[in-house]
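Single-structure report; data block below.
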Amino acid sequence: MQDFLELTVSAAASGCIYGLIALAYLLMIRPTGIINFAVGEWAMVGAFGGYLLLSKFEWPYPLGMAAVLVFMLVIGWLTERIAVRPLVERGAPLLAPILALLGMLVVFREAISVSFAPDPHPVPYALGIQRQSFFIIAVTSVVFIGVWLFFERTIAGKSFEAVAIHRRAAALMGINLSRVTALSFAAGAGAAGLAGLLVSPNVSAHYLMGVPLAIQGFTALVIGGVGRVEGALLGGLLLAFAEQLTVRYAPIPAGYAQGVPLLLLMLFLLLRPTGLLRAK
Amino acid sequence: MSSLLRWLGAALLLAGAAFLLSDYHNDVYRKLLLWVTLALSYNFLFGICGQIAFSHFAFYGIGAYSVVIFLFQFHLPFPLAILLGIALCILFALAVAIPSARLEGFYLALATLALAQLFIVVLNEGGAVTGGPGGLANYKLPEFLGTRIRGPWYTAVIVLLLLGTLAVLWRLDRSWFGRACRAVRDNPEVAAAMGVDVARTKVTAFTLTSALAGIAGMVYAFVDNTVNPPIFGLDNAFLLLFMVIVGGAGRHAGAIIGAALLFLVPFVLSPLIGHHHVLVFGVLVVAAILLQPRGLVGLYDAIRRHP
């Protein structure tokens, strides 16, 4: 029983991480249709931000966390400025910014691999090792409640939703499309960076940590459904429980648990391609 | 007839070059030819059919590993091992492509990313069958009709592989199927309205190019006479995509130029900047998409039109 409770808490914490990554995808996909595979690398950048500020410079945790968040917002905004806006303004096909962002993915990863040694870099726990899972769950809850309130209760949130439903109509209503796009990328980078910072004490910051997170986050998004903020969290939790139960109870090498996202992705694409929650 | 002569001339020229090169340069030349082959088939999938997939290099690996495992772990005859390897590639390709092609969007990209990641895990955890992290080594190309092909003659085999792949893709590109692929890339709705089965076209293009990558992998397996997980990692999948983008997506010449350039650049750059050439590639790709989406071939066209 003790064992099962521990598994539940740790799966819930991983589920929150996947949920944050899924949220990062969702924030960018909804208004722009652009799927940005660089979210995993953003999480990695966030983790290295944590290493630099919290481990190396020993800043107090809240200050370091806020600094990482602000830095990630700037990174997201800059990425949009460099790799997305020029293409959107030119009227390039949707594939072009996606490819440019793939290029940025490699730029981010290689920039980190050039700047830091290839071995894992430790990042401190927020409130000690036992409470990290609860800290992750708490921070994720705050983020999701905030984003949910933003979309449901504010005019700015409604304008995001309007752009998601019909770009041209939204533009005719006087919504500034490029501002919405810039904000969605900044917020996406913020969510992904936060996920990286939160997961890094357990896995250490490493320049190859991005791709698995990008796969798990997207799987969570497909499970939950691209249309709803809550879906991202639900999908993340489901994926994490499926993974952890496989590792714990299935008689296969632990590495094969990396096959769980692929399997779930295929199953959901076949059986329920709209995800569990439908868009309203 | 004249086109047949042209193919024959190209084969003689490319294969003849191998007999003039030293052992080391022959090795580099072989890998260059293999990269060009892969870039050509990837270009059909990405450039002509407009699908992003990260599994092309994994299928190269599946081909290489399967032929080695079938030959030397299960001791099957050579032709059977090749056929089973191709069948395996087709099976995996269908399993990934059929669910992904049901929806619009970039699900194939994600599914193939997960597949490529999983492939490396399976290789590392595979125990005696895959040889684990060390891979499989110490095997030799079986004798065929009493002779064993080696040295520059094996380079000639790779030249045949390259030209065979190019010929298949060339004919496909100019057929009904190639036009359907371009229509699916440019506008799926219009393609569907014209009677093209969009999902089937996507699945067929993906399966076909993945099988071609698998065949190239089988040839690769006897280049170094060793297969191990790091060779087939995700980095190379990205490199392949970058080759096609930088060279010019959708054009056979673009794939050839891009593959040759990005394969040879590290030989020039690494004395200057070590292993950081991938960073240069990333910047190059972003610049290419922003400034010249048609790649180097497009640049050449633009210069020729307005000298």
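Points to keep in mind about this one:
- Phi to ³J(HN,Hα) by Karplus 6.51 cos²θ - 1.76 cosθ + 1.60 over segment A:53-67, Hz, x for Gly, Pro: 7, 8, 8, 7, 8, 6, 5, x, 4, x, 5, x, 5, 5, 5
- Highest-first packing order for the peptide set B:37-47, B:202-212 is B:37-47, B:202-212, based on the mean count of other beta carbon atoms within 10 Å.
- For chain A, built as a Gaussian network whose Cα springs stay under 10 Å, the top-fluctuating residue of A:L194, A:L221, A:L69: A:L69
- Cα gyration tensor category, rounded, prolate or oblate, for segment A:1-100 with a/c compared to 1.5: oblate
- Considering only B:I273, B:I149, B:I98, the Gaussian network model of chain B with Cα springs below 10 Å gives its largest mean-square fluctuation to B:I273.
- Across peptide A:265-274, the average count of Cβ atoms from other chains found within 10 Å of a residue's Cβ is 4.
- Alpha-carbon centroids, segment A:1-73 and segment B:222-285: separation in whole Å: 31 Å
- Under the span-like rule (Cα at least 18 Å along the axis, Kyte-Doolittle mean at least 0.0), DSSP H helices of chain B: B:2-18, B:56-72, B:78-100, B:107-125, B:152-173, B:198-220, B:234-247, B:252-273, B:277-291
- Computed [θ] at 222 nm, helices only, for chain B once each DSSP H run of length n ≥ 4 contributes -39500 (n - 2.57): -24000 deg cm²/dmol
- Gyration tensor verdict on segment B:109-191 (Cα atoms; rounded if a/c is under 1.5, prolate if a/b is larger than b/c, oblate otherwise): oblate
- Scalar couplings 3J(HN,Hα) for segment A:132-149, obtained by applying the Karplus form with A = 6.51, B = -1.76, C = 1.60 to θ = phi - 60°, are 4, 4, 5, 4, 4, 4, 5, 4, 4, 4, 4, 4, 5, 5, x, 5, 4, 4 Hz; x denotes Gly and Pro.
- Degrees, to the nearest 10: A:259-271 long Cα axis against longest axis of chain A: 40 degrees
- Note that the protein assembly as shown, at 37 °C in a medium of 0.692 mPa s, gets a Stokes-Einstein diffusion coefficient of 131 µm²/s from its Kirkwood radius over C-alpha pairs.
- Solitary cysteines of chain B, where the nearest other Cys Cβ is not under 4.7 Å: B:C89
- Rg(Cα)/(2.2 N^0.38 Å) for segment B:1-62, N = residue count: 1.43
- Alpha-carbon spread of segment B:165-276, three principal axes, descending order, Å: 54, 29, 24
- Partner chain coverage, peptide B:269-276 - average Cβ within 10 angstrom: 1
- Candidates A:S204, A:S141, A:S133: whichever shows maximal mean-square fluctuation once chain A is modelled as a Gaussian network with Cα springs under 10 Å: A:S141
- Backbone amide hydrogens, once placed in the peptide plane, bring A:A205 within less than 5 Å of A:H121, A:V123, excluding anything fewer than 5 places away on its chain.
- Scanning residues 5 or more positions from A:F37 or on other chains, none has an amide H under 5 Å from its amide H, with H placed 1.01 Å from N in the peptide plane.
- Remark on B:Q73: its backbone amide H falls under 5 Å from none of the residues 5 or more positions apart or on other chains, H modelled at 1.01 Å from N.
- Ordering of B:83-93, A:144-154, B:120-130, A:229-239 by packing [mean C-beta count within 10 Å, highest first]: A:229-239, B:83-93, B:120-130, A:144-154
- Peptide A:248-260 shows a mean partner chain C-beta count of 3 within 10 Å per residue C-beta.
- Aspartates and glutamates with Cα under 20 Å of B:K31, excluding same-chain neighbours fewer than 8 positions away: B:D23, B:D224, B:D235
- Percentage of interatomic Cα-Cα distances in chain A larger than 33 Å: 19 percent
- Couplings for segment B:130-143, taken from phi via the Karplus curve 6.51 cos²θ - 1.76 cosθ + 1.60 with θ = phi - 60°, read 9, x, x, x, x, x, 10, 8, 6, 10, 9, 4, x, 6 Hz in order; Gly and Pro are left as x.
- Anisotropy class of chain B from Cα gyration tensor, a/c 1.5 cut: rounded
Readers should treat all values here as calculations from the given coordinates under stated rules, not as data from a laboratory. This is a predicted model, so every value here is computed, not measured. Reconstructed Cβ throughout: ideal geometry from the backbone, glycine too, with neighbour counts over all protein chains shown.
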